[in-house]
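This report concerns only the one structure given below.
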Amino acid sequence: MEPGMAEFFRQFASQMALGLVHTSQRSVGYEDGKNMRNFLDLVELDFIERGLEERQWGEELKRYLTGDALGYWLYLCRTGVPLTDWEQLRQRFCAQFCNMTKERMKVMIAENVWRGDHHAYSARFATIVAQGVSIAPDLLVGYYLANLPVEIYREITQGGTRKFADWQEAAAALATTAAPWRDS
């Protein structure tokens, strides 16, 4: 077990013993900045499930932070960043802690070459997108389609005439295309 998790379980157990935490409450854990984007997604779900108003999320966030992430939260407080603007806080935390630059993300996308399995191709692409910075949906569609063989690209885009709202829509089209490469 990781040292951070052991500490989390110790704190959680002591809070339960004091009656501060109900067993029905889902535990998110703590974040030090190493996995910020996924952590913020989980925290948002937790806040919604607990019925907190969005303007309270920034203040509540400190209860889940440790290390550099907590230090950054304190810095934002000291510099007057409004904690009631969740989208701004989310963007600032991601900018500070999401390690993959746009350039690195593009390199990884370029290295995600077609190997004949649409499930694996889409899964690798999804992993890159989840770890990277935010990129406009139309650009992601282009990146997703760029590494497909020409004949598959033509088929799912209907000769370049079909447009997709996002890369997931393009992935769904790839999965349903009746092509010889499709798995049975």
| field | Selection count where residues are closer than 19 Å to residue 45 by Cα and more than 20 Å from the chain's Cα centre (by Cα), scope region 62-117 | value | 3
| said: With the requirement that a residue be among the aromatic types (Phe, Trp, Tyr) and either part of a loop (DSSP other than H, G, I, E, B) or farther than 15 Å from residue 102 by Cβ (or both), what does region 127-149 give you? | reply: 144
| said: Return the residues of region 156-166 that are out of contact with any Asp or Glu (no Cβ under 9 Å at 6 or more places or on another chain) and more than 15 Å from residue 114 (Cα to Cα); say none if nothing qualifies. | reply: 157, 158, 159, 160, 161, 162
| Counting just the residues of region 158-184 that are assigned to a helix (DSSP H, G or I) and among the polar types (S, T, N, Q), which one comes out modelled with the lowest pLDDT? | 176
| Check on residue 72, aromatic (Phe, Trp, Tyr) and outside the structural domain of residue 150 (by TED's automatic domain parsing) | yes
| task | Tell me, please, whether a residue that is aliphatic (A, V, I, L, M) and closer than 11 Å to residue 37 by Cα can be found in region 104-122. | result | no
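The values are calculated or read from the model by the stated rules, or taken from the named source; none is laboratory data. Small disclaimer: the values here were computed from a predicted structure and weren't measured. Quick reminder, even Gly has a Cβ in these numbers, built from the backbone with ideal geometry, and neighbours come from all protein chains shown.
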